[in-house]
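Accompanying notes for the structure given below.
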Amino acid sequence: MDIDNSTEQFFLDINWYFTDPYNRLCIVASAGGILPNFLYEENNQNDEFHNIVNELPERFENGRNTNLIQAIVDFDPENLNQYFRDFDSLAKKGFYVYDKINLSNPEETNYLLVTYPIYNTETDSFPVKPGDLELIPRINISLISRTNESFDNTNFNSIDLVSLLNSQKKQY
């Protein structure tokens with residue numbers, strides 16, 4: 001993906017990816033807005049990883065953030081199923097899916113976990129080839145609090161993902 005200027009980012013709905021220290025796969029739907037710096041680097045491989053994601057099968061169950069309607073600004077509950085359609089599919093592929101809290105504000109950098117995969121790390125195989133993880137950034141803090149038996153509600157706190165990714169040392 002080549003973004004020519006800083007204003008172009010406000011008109012593009014880009015999915016960008018990263019992992020945490022436990023290789024939990026995360027996807028962020030930009031909904032048009034500020035993007036993390038790594039997407040502007042010449043060697044960024046976000047598009048290549050996106051192509052891999054598109055080819056992955058849906059293998060897992062998924063869960064949803066039940067507080068989403070109250071948390072996202074101007075959310076229309078009439079479109080709930082349509083809103084979740086693509087996000088649920090990504091979670092079923094093994095991704096923790098984040099969306100912007102204020103969809104109408106392109107300056108917004110706070111995101112919320114909207115849907116997540118349900119799997120057992122002891123019995124389910126990892127969704128992507130380990131070498132493919134080298135295509136996306138890895139952050140050095142864990143955003144996801146989960147065990148095979150439970151998924152903690154603290155996962156649904158908003159977080160400034162753009163600033164978080166920008167503050168991380170290059171680890172890919």
May I have the pair-distance distribution P(r) for the stretch 60-151, computed from all Cα-Cα distances with 5 Å bins from 0 and rounded to whole percent? 2, 12, 19, 23, 21, 12, 8, 3, 0
When the Kirkwood hydrodynamic radius is evaluated over all pairs of different C-alpha atoms of the chain, what value in angstrom, to one decimal, is obtained? 16.4
Inter-probe distance in nm under a simple model that places probes 7 Å from Cα toward Cβ, at residue 67 and residue 123: 3.1
Pop a pseudo-label 7 angstrom from the Cα along the beta-carbon direction at both residue 142 and residue 40 and give the gap in nm to one decimal. 3.3
Would you list 146, 59 from fewest to most Cβ contacts within 10 Å? 59, 146
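Any read-out appearing in this document is the output of simple, stated calculations on the displayed coordinates, not a laboratory observation. Keep in mind that this is a model prediction, so the values were computed, not measured. Glycine also receives a Cβ, built like all others from the backbone with ideal geometry; neighbour counts cover every protein chain displayed.
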